[in-house]
1. Looking at the structure I just gave you, is S325 of a type outside the set (D, E) and at pLDDT below 85?
2. Which residue out of A136, A131, A149 is under 11 Å from Y366 (Cβ atoms) and at pLDDT below 80?
3. Residue by residue through segment 122-145, note down the ones that are surrounded by 24 or more Cβ atoms within 10 Å (Cβ to Cβ) and in a loop (DSSP other than H, G, I, E, B).
4. Give the residues of segment 152-170 that are over 13 Å from the mean Cα position of the chain (by Cα) and at pLDDT below 85, sorted by residue number.
5. For segment 182-192, state whether one or more residues are within 24 Å of I365 (Cβ to Cβ), in contact with a Gly (Cβ under 8 Å, 6 or more places away or on another chain) and crowded, with 16+ Cβ neighbours inside 10 Å.
6. Can you tell me which residue among A59, A74, A21 is under 19 Å from the mean Cα position of the chain (by Cα), buried (at least 21 other Cβ atoms within 10 Å of the Cβ) and either at pLDDT 80 or above or farther than 21 Å from Y146 by Cβ (or both)?
7. Just need a number here: residues in segment 340-389 that are within 14 Å of M264 (Cα to Cα), surrounded by 24 or more Cβ atoms within 10 Å (Cβ to Cβ) and of a type outside the set (A, V, I, L, M).
Amino acid sequence: MKSPEASATKKQQSTVRWVVAIAAIALIFDGYDLVVYGTVVSTLLNDPTQLGEIGPATAGVLGSWALFGVMVGALVTGAVGDYLGRRKIMITGILWFSIGMGLTALAPNVIAFGALRFFTGLGVGALVATAGAVVAEFAPKGKRNYYNAIVYSGVPVGGVLASLLAIVLLDLVGWRGLFLIGATPMLFLLPMALAKLPESPEWLMARGRTEEAQRVSIRTGVPISAPAPQGAHVLVSEPVDTKIGFRALASRKYALPTLLLGLMSFAGLMLTYGLNTWLPQIMSQFGYGKSYSLAFLLVLNAGAVFGGLIASVGADRIGAKRVVSTTFFLAAVAMVLLTMQLPFGILLALVAVAGVGTIGTQVLIYGFVSNYYNSAARGAGVAWCAGFGRLGGIFGPLIGGLLMAAGVENQVAFYVFAAVAIVGALVTAFVPLRNSETQLLASSSAPVKIAK
C-alpha cells in the first residue's frame, strides 16, 4: 500500500506535467506570433495588393504594435493577476490570443492589421506574465529554472514552427493562412486548460484562502504551508503578505531589484524582437536569398531552445545571475562576428549562439524573475518584467526599421544589438542576490574536500 507521501509525490508529478505542458504550448503560440510577422514582412513590403503600400519604417511600426499590446496586457495582468489567480488569467489569455490571431488573418488594410496586432498582443501579454508565476508555484524546488526554461522555450520553439511553416506553406496559403494557424489554440489548448489547469495552492494561501488551498493540495499533491489535514503535502512557507502585487514591488525589499530586473528584460526583449523581425532582411542584404534568410531565423530560434535548456541547468546549480550575464556577453560577441565575411557554416553557428544569448537569455530572465519574488508579488514581478521589457521589444523592430530605411550599412544593426547585449550583462551584474542565490554561489565556489 502506498504511503500518503508517495501518493502526493505522484500526484504532484502529474500536476506539474500538465501545468508545464499547458503553459509551454501557450508560449509556443506566443513565439509563433512573434516570428510569423518576421517571415511575412518581405511579402507585405513587396506586394502592395496585400495590405497596401508599406515601407520599411511602416513595417517596423506594425511589428511594434503587437509588442505594445503585450506590454499593456502584461501590466494589466500584473495589476489584477495576484488578486484574480493564475488559472483565470491563463484561460482568458488563451481565448483572447486565439481570437486575435484569427481576426488578424482577415485584416483588409494596414490600419486594421496594426489594430488587431495590438489586440492580439493583449492576450499574449497575459500569457507571458502568468506562465512564469504558474510554473514557479507548481515546480519542485531545485528544478524551477529548468521547468521555467522548458515553458519559456516555447517562445523560440514557436519561432522554429513559424519559420518551418513559412518555408513550406507561405506560397501555398499566403500570410493570412499562417495567421489562421495561430488561432488554433482555441480548439485544443483552451479545453485542455479548462480540464487540467488547477489554481495554485501557494497563491490561495497567500490570499488567505486556507481551506481551499488544502483541498487543492490534496487533489494535486502540490505543497502548501502548515497546518493542513492528513493527505495534504506540507511545507513551511512565508506568512501571508499585507502588500500584494505592484504595491509589494514598490516596497523597500523589492524596489531596486524590480528596476534592474525590468532593465534586464528590456534588453533581452529588444534583442529578441529586433533580431526575429529583421534578421531575414539583414541577411538578405548580405546576399543571402529568401530560403537562406529564413534558415537563419530557424537556426536563431533552434539555438535558443537547446542552449536555453542547457543554460537553465547551470542556473539551478550556480544561480541564474551568473548564467544570464554570460549569455548576454556571448550574444554580443556573436553579433560582432556576424559582420565579418565568414564561411556559411560558421555564420550558422554564430546565429545559434546569438539565439542562446538573446532569446535564450530572455527565457532565463523569466525564470530568474519568477523565482526572485514571493507569491504575493510574483505575478506582478513577472508582469512588470514582461510589460516593461516589451518597451525594449517595441524599440527592437523600430530601430531595425529605421536603420534599414536610413540605408546604413548592414553591420551597423548588429553593432547596435551587440551594445544592447553588453548593457544587459552589466545591469545583470548589479541585481542584488536573494539568500537562495547566495547559497548557490557559495556552494558552487566552495573548495572540494577530498577524503583521505
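The values are calculated or read from the model by the stated rules, or taken from the named source; none is laboratory data. Please read all numbers here as calculations on a predicted model, not as lab measurements. Glycine also receives a Cβ, built like all others from the backbone with ideal geometry; neighbour counts cover every protein chain displayed.
1. The answer is no for S325.
2. Residue meeting the stated conditions: A136.
3. A139
4. V160, S163, I167
5. Checked against the condition, which is being within 24 Å of I365 (Cβ to Cβ), in contact with a Gly (Cβ under 8 Å, 6 or more places away or on another chain) and crowded, with 16+ Cβ neighbours inside 10 Å, segment 182-192 yields no hits at all.
6. So the residue among A59, A74, A21 that is under 19 Å from the mean Cα position of the chain (by Cα), buried (at least 21 other Cβ atoms within 10 Å of the Cβ) and either at pLDDT 80 or above or farther than 21 Å from Y146 by Cβ (or both) is A74.
7. Of the residues in segment 340-389, 15 are within 14 Å of M264 (Cα to Cα), surrounded by 24 or more Cβ atoms within 10 Å (Cβ to Cβ) and of a type outside the set (A, V, I, L, M).
Residue by residue, here is whether (1) hydrophobic (A, V, I, L, M, F, W, C); (2) farther than 27 Å from A380 by Cα holds:
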position: S251; (1), (2): no, no
position: P257; (1), (2): no, no
position: F266; (1), (2): yes, no
position: L279; (1), (2): yes, yes
position: F286; (1), (2): yes, yes
position: G303; (1), (2): no, yes
position: A332; (1), (2): yes, yes
position: Q341; (1), (2): no, yes
position: I346; (1), (2): yes, yes
